[in-house]
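Take this structure, written in structure tokens, and hold onto it; I'll ask about it next.
The values are calculated or read from the model by the stated rules, or taken from the named source; none is laboratory data. On a predicted model such as this, the values are computed, not experimentally measured, just so you know. FYI the Cβ positions are ideal-geometry reconstructions off the backbone, even for glycines, and counts take in every protein chain you see. Side chains are part of the model used for accessible areas, which takes the heavy atoms of the whole protein and leaves out ligands, DNA and RNA. Shrake-Rupley method; radii C 1.70, N 1.55, O 1.52, S 1.80 Å.
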Amino acid sequence: MPAAIRRRRRALAALALAATALCVRTDAQQAGPLTAEEIMDRAARAQWGERPEVLKSYRMEETLTFAARQIDGRIIAPPAVGTVLTQAKAPDQVYTKLEIPGLPVVEEGFDGTVGWVKEGKSAVREKEGPELAHAEDAARFYGMAGWRKRYKRVIPRGEDSVGGRRFYVFQVEVEDLEPAILSIDADSFLPTSLRRTTKGARGTIEIETRFLDYKPLAEGELAGVLLPRRTVRSEAGQTFERVVTRIEPNVPVLDALFHPPSEKEFEETEPANEVFGGRRGKSAEKAVKAGGGGETTESAVIAGLKWLARHQSADGGWSGKDFGVQCRTSICSGRGDAAYDVGVTGLAILALLGAGYTPASKEAYKDPHLDREICWGEVIGHGLRWLMRNQDIDGCFGGQKGGKYMYNHLIAATAMAEAYGMTQSALLKESAQLGVDFTLAAQNPYKGWRYAKRCGDNDTVVTGWACFSLKIADFAGLEVSRAGFDGARAWMQEVTDDLSYQAGYTAKGTGQVVHAENQGYAPHETTTAIAMTCRMLLDRDKRDRALEGGMRLLADDLPSWNPAAKKNDAHYWHWATLALFHYNGPRGQYWAAWNKALVAALTWNRNTARDSCADGSWDAETQQGMDRWGYAGGRVYATAMNTLTLEVYSRYGSFLKATAGGDGKKK
């Protein structure tokens with residue numbers, strides 16, 4: 001055969017192959033080539049199995065590694081390692097949070113219609129044009145399984161071979177996006193890479209993503225769903241590697257996260273339980289008067305709340321360390337530790353809720369220091385969304401990092417549960433229940449809690465916060481296992497002395513906790529007050545001798561604003577106020593004496609208008625004797641705690657009479 005004819009036949013054969021995407025079948029039992037549709041269908045089944053719909057949601061954690069970025073041999077961006085949290089729900093909702101040490105947190109979401117991004121404390125920006133199209137494409141939950149709907153056109157580009165492996169190559173086109181080149185392994189039929197050329201600010205950018213290490217998502221009916229546990233993306237001279245460290249399929253995800261933070265309002269109905277009632281209006285005025293409060297205490301509460309509101313960070317949280325960034329007319333002192341930002345955010349929200357405000361509240365006022373209007377409901381809603389965005393895959397608020405993360409979690413979980421109890425908002429329920437579930441999972445078997453999940457140690461302070469948080473959740477109508485209450489009860493009984501009724505810290509007879517930062521502070525009966533409060537919440541038995549005995553111990557240690565003697569302790573005052581008010585208030589003699597000392601200590605020593613931006617707050621510098629725990633939580637902590645303490649008159653109904661769950665629900 002002449003060479004010219006042979007060349008012509010080879011050219012015609014190649015043309016026919018490119019035009020019809022005919023590829024040799026890999027299973028020898030079936031004759032003939034595979035069409036483009038058959039290859040795509042096989043790829044869909046290879047990754048998603050026969051029933052992709054069995055996967056309805058997932059939460060995933062990944063590590064993200066940035067290789068150093070170089071241009072012309074020069075390193076212009078150093079290597080870095082971060083984490084990515086993704087929550088997704090079928091058919092097209094996704095939320096991701098990227099955290100890299102030293103850089104602003106980046107959050108992105110797509111709720112099925114709106115795509116948005118938020119970097120650090122900047123305002124939310126909605127995506128448009130190609131950026132929105134990319135967000136919509138990335139949010140398609142079933143990926144290859146829905147390729148017929150995802151791609152408007154699939155054009156075969158023949159085959160490729162790398163290292164002895166064959167790949168089918170296609171050009172795929174998505175509405176409003178540049179065409180991409182998809183490679184599929186000819187043996188496994190799993191997608192291996194996606195390449196796209198796009199236009200950036202500095203010209204054309206080539207982006208390639210490789211999908212590696214496919215593994216089954218889970219056992220059982222999800223065994224047929226394969227997930228690439230490692231993806232490598234190359235873009236503009238830099239390489240990013242994402243490695244899945246944990247994934248949980250078909251778990252509750254927070255619908256509120258998918259929406260832009262300022263878009264969706266919180267709905268509100270009646271409180272779930274009478275214990276949350278009476279915080280506003282005539283009933284609140286009556287309760288305040290009966291308990292020994294009045295204009296002085298109420299003015300201090302409102303001033304404290306206004307200080308908290310104007311020092312809320314732009315991202316919705318409160319910063320124990322950097323709250324001064326929000327100051328305008330003067331700079332407030334009293335910085336705390338950034339490690340407790342989740343905890344102080346929870347305290348600030350609890351203080352706002354304690355005054356009867358909710359995310360649905362419309363009341364507003366003009367702040368003279370910021371020269372703008374502030375709406376109470378927006379402040380609370382913004383804070384609650386911040387907590388949701390900082391809740392990890394297990395339900396732990398703030399994540400399981402640092403030596404004492406349970407403080408952060410328990411206070412934030414209390415705030416979320418109380419907000420749900422006051423509003424019954426569906427936007428809050430999932431997050432609140434996940435918080436409860438983590439609290440219970442963190443409990444030491446048959447005992448209490450301490451600084452970390454199931455660490456084996458117990459202490460009365462952390463256990464007290466856990467007991468209080470679970471009981472608030474119980475009042476709110478959330479699901480709470482009795483094991484949590486049984487363990488808390490057993491711990492309080494174990495550490496309480498049978499003769500003095502003093503409650504120990506880590507065992508019967510042990511004293512208070514002292515750190516290097518607060519050495520020299522006067523001792524207080526904080527653990528006794530916590531144990532009393534828990535006993536009332538759990539058993540509602542006023543005849544309990546430990547309550548009477550504990551009350552006498554507290555009565556001998558009245559509040560006193562005395563920095564020189566280092567007696568200031570907002571934490572002690574808060575728990576002792578709860579214990580005495582609910583046991584002996586509102587008209588008992590022990591409560592009357594305590595309340596008189598408390599009102600004098602807090603209302604006479606708060607900052608006022610002459611202190612400019614600090615108006616309404618309390619000083620917190622530990623070294624100056626202003627507060628035992630000010631070094632940790634700072635001015636935000638002290639102000640939130642003292643405001644909560646002054647709300648005691650109307651914040652809750654009687655602990656000794658309150659019923660839980662559905663029993664206490666208003667009819």
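So which trypsin sites (Lys or Arg not before Pro) in the stretch 259-302 end up in coil per DSSP with only 15 or fewer other C-beta atoms within 10 Å?
Lys264, Arg280
A further question follows. Among Cys613, Trp629, Tyr590, whose Cα sits farthest toward the positive end of the charge dipole of the stretch 575-632 (+1 at Cβ of Lys/Arg, -1 at Cβ of Asp/Glu, about the Cα centre)?
Tyr590
To continue, here is another question. Apply the a/c threshold of 1.5 to the C-alpha gyration tensor of the stretch 188-286 and tell me whether it is rounded, prolate or oblate.
Working: a/c = 4.47, a/b = 1.96, b/c = 2.28.
Because a/c hits 1.5 or more and a/b fails to exceed b/c, the stretch 188-286 counts as oblate.
Moving on to the next point. For the pairs Lys289/Lys429; Lys567/Lys657; Lys286/Lys596; Lys404/Lys596, flag any whose C-alpha to C-alpha distance is greater than 24 Å.
Check vs 24 Å cut-off fails for Lys289/Lys429; Lys567/Lys657; Lys404/Lys596.
In whole Hz, with x marking every Gly and Pro, tabulate ³J(HN,Hα) for the stretch 460-466 from phi via Karplus 6.51 cos²θ - 1.76 cosθ + 1.60, θ = phi - 60°.
Working through the residues one at a time gives 6, 5, 5, 4, x, 4, 5 Hz.
Using a ≥ b ≥ c from the Cα gyration tensor of the stretch 320-440 (square roots of the eigenvalues), is it rounded, prolate or oblate, where a/c under 1.5 gives rounded and otherwise the larger of a/b and b/c decides, a/b for prolate?
oblate
In the set (1) 36.1; (2) 42.8; (3) 40.5, which value of mean projected area of the Cα convex hull in nm² was calculated from the structure you see?
(1)
What size of dipole, in debye to the nearest 20, comes out for the stretch 495-560 about its Cα centre when the only charges are +1 on Lys and Arg C-beta atoms and -1 on Asp and Glu C-beta atoms?
Working: 7 positive and 10 negative charges, 43 e Å.
With Lys and Arg at +1 and Asp and Glu at -1, about 200 debye.
Let me ask something else about it. What's the local net charge at Ser313, with K and R +1, D and E -1, over the other residues with C-beta under 15 Å away? All intermediate terms of the calculation are to be shown ahead of the outcome.
Numbers: positive: Lys118, Lys121, Arg310, Lys321, Arg328, Arg335, Arg385, Arg389, Arg635; negative: Glu107, Glu119, Asp315, Asp322, Asp341, Glu378.
Charge balance in the 15 Å sphere: +3.
My understanding is that a pair violates if its Cα-Cα distance is over 22 Å; which of Lys56/Lys121; Lys56/Lys471; Lys89/Lys118 do that in this structure?
In this structure, Lys56/Lys121; Lys56/Lys471 lie more than 22 Å apart at Cα.
Which shape class, rounded, prolate or oblate, goes with the stretch 65-191 when its Cα gyration tensor gives a ≥ b ≥ c as root eigenvalues, a/c under 1.5 marks rounded, and past that a/b bigger than b/c marks prolate?
Details: a/c = 2.10, a/b = 1.26, b/c = 1.66.
Oblate, because a/c is 1.5 or more while a/b does not exceed b/c.
Can you compute 3J(HN,Hα) from phi for each residue in the stretch 478-484, using the Karplus curve 6.51 cos²θ - 1.76 cosθ + 1.60 with θ = phi - 60°, rounded to whole Hz and x for Gly and Pro?
7, 7, 10, 5, 4, 4, x
For helix 295-310, what angle does its Cα long axis make with the longest principal axis of the chain, in degrees from 0 to 90 and rounded to 10?
Roughly 20 degrees between the two axes.
Sticking with this one: Using only protein heavy atoms and a 1.4 Å probe, report how much of Asp160 is accessible, in Å² to the nearest 10.
70
Calculate for the chain the 222 nm mean residue ellipticity that helices alone would give, adding -39,500 (n - 2.57) per DSSP H run of length 4 or more and normalising by residue count, nearest 500 deg cm²/dmol. Intermediate values should be presented prior to the final figure.
Working: 19 runs with 248 residues, N = 667.
Mean residue ellipticity, 222 nm, calculated: -12000 deg cm²/dmol.
Could you tell me which GluC sites (Glu not before Pro) in the stretch 273-364 are loop residues by DSSP with no more than 12 other beta carbons within 10 angstrom of their beta carbon? Kindly include the intermediate steps, with their values, before the conclusion.
Details: sites: Glu274, Glu285, Glu295, Glu298, Glu363; in loops: Glu363.
Loop-located and lightly packed - Glu363.
Within the accessible area of the stretch 128-239, what % is carbon and sulfur when the probe is 1.4 Å and the other protein chains stay in place?
Details: 2900 of 6120 Å².
With neighbouring chains kept in place, the figure for the stretch 128-239 is 47 percent.
Same structure again: With +1 on each Lys and Arg Cβ and -1 on each Asp and Glu Cβ, and nothing else charged, work out how big the dipole of the chain is about its Cα centre, in Debye to the nearest 20. Kindly include the intermediate steps, with their values, before the conclusion.
Numbers: 85 positive and 84 negative charges, 189 e Å.
Computed about the Cα centre, the dipole is about 900 debye.
Please list, or write none, the lysines whose alpha carbon is within less than 16 Å of the alpha carbon of Lys362, excluding same-chain residues fewer than 8 places away.
Within the straight-line cut-off, Lys362 pairs with Lys264, Lys306.
Place a +1 charge on the Cβ of each Lys and Arg in the stretch 278-408 and a -1 charge on the Cβ of each Asp and Glu, then give the dipole magnitude about the Cα centre in debye, rounded to the nearest 20.
Here the stretch 278-408 has a charge dipole of around 220 debye.
Kindly provide the chymotrypsin sites (Phe, Trp or Tyr not before Pro) of the stretch 121-160 that DSSP labels as loop, not H, G, I, E or B, and whose Cβ sees at most 13 other Cβ atoms within 10 Å.
Sparse-neighbourhood loop chymotrypsin sites (Phe, Trp or Tyr not before Pro): none present.
Quick one: check the C-alpha center-to-center distance for the stretch 129-147 versus the stretch 427-477, whole angstrom.
The stretch 129-147 and the stretch 427-477 have Cα centres separated by 38 Å.
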